[in-house]
Amino acid sequence: ATHVSSSWPAHPHFEEDDVACVNDYPAFIARVRNRIHCTDKELAWAGNSWRRKLENLHRLYPDKPILVSEFGYPSLQDTRGGAMGEDTQARALMAEARGMAAPYVTGITVWCWADHPWPEENFVRYMTTSPYGVLKRDRTKTRAFSVVTRLFRQKQSDAHRSP
């Protein structure tokens with residue numbers, strides 16, 4: 001039994017769960033709130049944010065595996081540089097994934113595989129397509145696609161080497 005929480009850092013309620021499933025978007029949230037420019041230093045902060053929050057959660061629930069059920073960063077197709085560039089998305093995903101490298105983290109799930117329609121509302125400036133995919137609507141691969149591929153292949157390789 002499990003549930004997914006995006007409020008887990010402030011309200012970690014996983015007493016009844018078999019697996020703690022958590023969502024967070026520290027790089028994107030910090031960019032929006034603090035108007036950061038997504039430098040390598042700022043993206044490293046996002047990875048460290050994951051590390052600290054996951055360590056705290058593990059201290060509270062040392063016998064529960066943790067699944068990062070959502071993390072991601074948006075990009076606009078064919079955009080390079082800037083806050084919404086495909087290269088920034090790739091760097092953000094890699095930086096955040098580094099913060100999840102702990103033995104009690106059983107897996108990570110990137111949000112999301114491909115851009116998709118969503119309702120027009122003021123979630124991300126009334127966009128009608130989710131910009132979080134590592135593939136765009138036409139299935140064009142973004143720069144983040146190769147990062148995610150390398151990341152998951154490395155994890156798969158590491159798992160096969162473990163005794």
- Listed by chain and number, the residues whose amide H is under 5 Å from that of residue 79, excluding neighbours fewer than 5 places away on the same chain and using placed H, are 86
- Counting Lys and Arg as +1 and Asp and Glu as -1, what is the net charge of the other residues whose Cβ lies under 11 Å from the Cβ of residue 43? +1
- Query: What dipole magnitude, in Debye to the nearest 20, does segment 1-55 give about its Cα centre under +1 on Lys/Arg Cβ and -1 on Asp/Glu Cβ?
  - Reply: 520 debye
- Message: Distance between the C-alpha centers of segment 57-98 and segment 139-155? Whole Å please.
- Response: 12 Å
- Query: For the chain, with every protein chain kept in place, what is the accessible area per residue (1.4 Å probe, Å²)?
  - Reply: 57 Å²
- Query: Is segment 104-144 rounded, prolate or oblate when judged by the Cα gyration tensor, a ≥ b ≥ c being the square roots of its eigenvalues, rounded requiring a/c under 1.5 and prolate requiring a/b larger than b/c?
  - Reply: oblate
- Where a ≥ b ≥ c are the square roots of the eigenvalues of the C-alpha gyration tensor, would you call segment 36-89 rounded, which needs a/c under 1.5, or, failing that, prolate if a/b is larger than b/c, or oblate? oblate
- Proximal lysine pairs, the chain, alpha carbons under 27 Å, eight or more residues apart or interchain: 8
- Which value, in debye to the nearest 20, gives the size of the charge dipole of the chain about its Cα centre, when Lys and Arg are +1 and Asp and Glu are -1 at the Cβ? 700 debye
- Item | Positive dipole terminus of segment 1-139, leading residue within 43, 6, 106 (C-beta point charges) | 43
- With θ set to phi - 60°, apply the Karplus curve 6.51 cos²θ - 1.76 cosθ + 1.60 along segment 61-76 and write out the HN-Hα couplings as whole Hz, x wherever there is a Gly or Pro. 10, x, 9, 9, x, 10, 10, 7, 7, 7, 8, x, 8, x, 8, 9
- Query: Given the protein chains as shown and a 1.4 Å probe, how many square angstrom of residue 145 are accessible, to the nearest 10?
  - Reply: 40 Å²
- Message: Quick check on packing: order 42-48, 20-26 by the mean number of other C-beta atoms within 10 Å, highest mean leading.
- Response: 20-26, 42-48
- Tilt, helix 40-60 to longest principal axis of the chain (alpha-carbon atoms), in degrees rounded to tens, equals 30 degrees
- What number, rounded to the nearest 500 deg cm²/dmol, is the helix-based mean residue ellipticity at 222 nm of the chain, given -39500 (n - 2.57) per DSSP H run of at least four residues and division by all its residues? -12500 deg cm²/dmol
- Note on the structure: Mean shadow area (nm²) of the C-alpha convex hull around the chain is 10.4 nm²
- Message: Could you give each residue of segment 90-106 its phi-based ³J(HN,Hα) in whole Hz, using Karplus coefficients 6.51, -1.76, 1.60 with θ = phi - 60°, and x for Gly or Pro?
- Response: 4, 5, 5, 4, 5, 4, 5, 4, 4, x, 9, 6, 8, x, 8, 8, 7
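Measure off, as a whole percent, the carbon and sulfur share of the 1.4 Å-probe accessible area of the chain, all protein chains present. Working shown, then result.
Values: 4950 of 9330 Å².
Within the chain, the accessible surface is 53 percent carbon and sulfur.
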- For residue 114, enumerate residues with amide H under 5 Å from its amide H, sequence gap 5+ or separate chain, H modeled in the peptide plane. 134, 135
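The values are calculated or read from the model by the stated rules, or taken from the named source; none is laboratory data. Predicted model, so just to flag it, every value in this text is computed and none were measured. All Cβ positions, even for glycine, are placed from backbone atoms using ideal geometry, and neighbour counts span all protein chains on display. Note: areas computed on protein heavy atoms with side chains; ligands, DNA, RNA excluded. Shrake-Rupley method; radii C 1.70, N 1.55, O 1.52, S 1.80 Å.
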